[in-house]
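Q: Sending over a structure as C-alpha cells; questions will come in a sec.
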C-alpha cells in the first residue's frame, strides 16, 4: 500500500471515529467543536513531546538518570549482557524505530484531522 493511501485511510478512519462518537454521545454542535479541538490539541501536544524526546534533546538528562539508577540498584552481569545484546541487535532497533515513527505519524495525523474538523464545524456554526 502506498504512503498516500495509508494516510488517506487513517484520515477516513478518524472522520468515521468522530461521526460514530457524535452519533453515540448525541453531542450538539458546540460539544463537537470543543471535543474535536481539545482532542486535536492534546494529540499535538503528545506528538510534540514524542518528537522532542526522540530527537535526542533530553538524552543528557535521561542518561544522567540512568547512571543514578544504576548507582542505587545494581544490575546482575546477565542482565547487563542482555541489555548490551538488545542495544546491538539491528532487527530490534529497526523495529523500535519503525513503530515509533508509525505511532508518531498516526498521532499527528489524528490531531491534524481533528483540528481541521473542528475548524470546519466552527465555520459552519458561524455561517
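The values are calculated or read from the model by the stated rules, or taken from the named source; none is laboratory data. These numbers were taken from a predicted model, which means no experiment stands behind them. Backbone-built Cβ (ideal geometry, glycine too); neighbour counts: all protein chains shown.
Q: Restricting attention to the stretch 18-33, which residues are free of Cβ contacts under 8 Å to residues at least 60 places away in the same chain and loosely packed, with under 14 Cβ neighbours inside 10 Å? Please lay out each step first, then the result.
A: At the first step, the residues of the stretch 18-33 found to be free of Cβ contacts under 8 Å to residues at least 60 places away in the same chain are 19-28, 31.
Selection gives 19, 20, 23, 24, 25, 26, 28, 31.
Q: Next up: Say whether the condition of being in a loop (DSSP other than H, G, I, E, B), over 17 Å from residue 121 (Cβ atoms) and free of Cβ contacts under 8 Å to residues at least 24 places away in the same chain is met by at least one residue in the stretch 75-82. Please lay out each step first, then the result.
A: Here is the first cut: in the stretch 75-82, the residues in a loop (DSSP other than H, G, I, E, B) are 75-76.
Subsequent filtering for residues that are over 17 Å from residue 121 (Cβ atoms) retains 75-76.
Narrowing further to those that are free of Cβ contacts under 8 Å to residues at least 24 places away in the same chain: 75-76.
Yes, some residue in the stretch 75-82 is in a loop (DSSP other than H, G, I, E, B), over 17 Å from residue 121 (Cβ atoms) and free of Cβ contacts under 8 Å to residues at least 24 places away in the same chain.
Q: Residue under question is residue 45, and the condition is that it be surrounded by fewer than 13 Cβ atoms within 10 Å (Cβ to Cβ), part of a helix (DSSP H, G or I) and modelled with pLDDT of 85 or more; does it hold?
A: Numbers: surrounded by fewer than 13 Cβ atoms within 10 Å (Cβ to Cβ): yes; part of a helix (DSSP H, G or I): yes; modelled with pLDDT of 85 or more: yes.
Considered against the rule, which asks whether it is surrounded by fewer than 13 Cβ atoms within 10 Å (Cβ to Cβ), part of a helix (DSSP H, G or I) and modelled with pLDDT of 85 or more, residue 45 comes out as yes.
Q: To continue, here is another question. Within the set of pairs 6+ apart or on separate chains, which have a first residue in the stretch 49-67 that is in contact (Cβ under 8 Å) with a residue 60 or more places away in the chain and on the phi > 0 side of the Ramachandran plot, a second that is surrounded by 11 or more Cβ atoms within 10 Å (Cβ to Cβ) and assigned to a helix (DSSP H, G or I), and C-beta atoms under 7 Å apart?
A: Every condition considered, no pair remains.
Q: Would you be able to tell me the number of residues in the stretch 48-96 that are at pLDDT below 80 and under 18 Å from the mean Cα position of the chain (by Cα)?
A: The number of residues fulfilling the criteria is 0.
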